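What follows is one structure encoded as structure tokens, with my remarks underneath.
The values are calculated or read from the model by the stated rules, or taken from the named source; none is laboratory data. Model, not experiment: these values are computed from the prediction. Note that each Cβ is placed from the backbone with ideal geometry, even for glycine, and that neighbours are counted across all protein chains shown. Protein only, heavy atoms only, side chains kept; ligands, DNA and RNA dropped before computing areas. Shrake-Rupley method; radii C 1.70, N 1.55, O 1.52, S 1.80 Å.
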Amino acid sequence: MLKWTVIFIILAIVAGIFGFGGIAAGAAGIAKVLFFIFIVLFILSLISGRSKL
């Protein structure tokens, strides 16, 4: 999932450079959502991994 976040961030940057505002905003929005989902899953995996010790 982190790979998709990076892809959408790069897409947003490239679209922003070329002036495609709507595409850049959409890709940045998707990247933000994926990033926060990744962070939540990462924290949950840390918590569940520690409880097994």
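Quick notes on this one:
- Unique match (being open to solvent by 90 Å² or more (accessible area, probe 1.4 Å) and modelled with pLDDT of 85 or more) among 36, 20: 36
- Yes/no for residue 41 being touching a residue at least 12 places away in the same chain (Cβ under 8 Å) and open to solvent by less than 100 Å² (accessible area, probe 1.4 Å): yes
- Selection from the stretch 23-49 of residues that are under 13 Å from the mean Cα position of the chain (by Cα) and not aliphatic (A, V, I, L, M): 26, 29, 32, 35, 36, 38, 42
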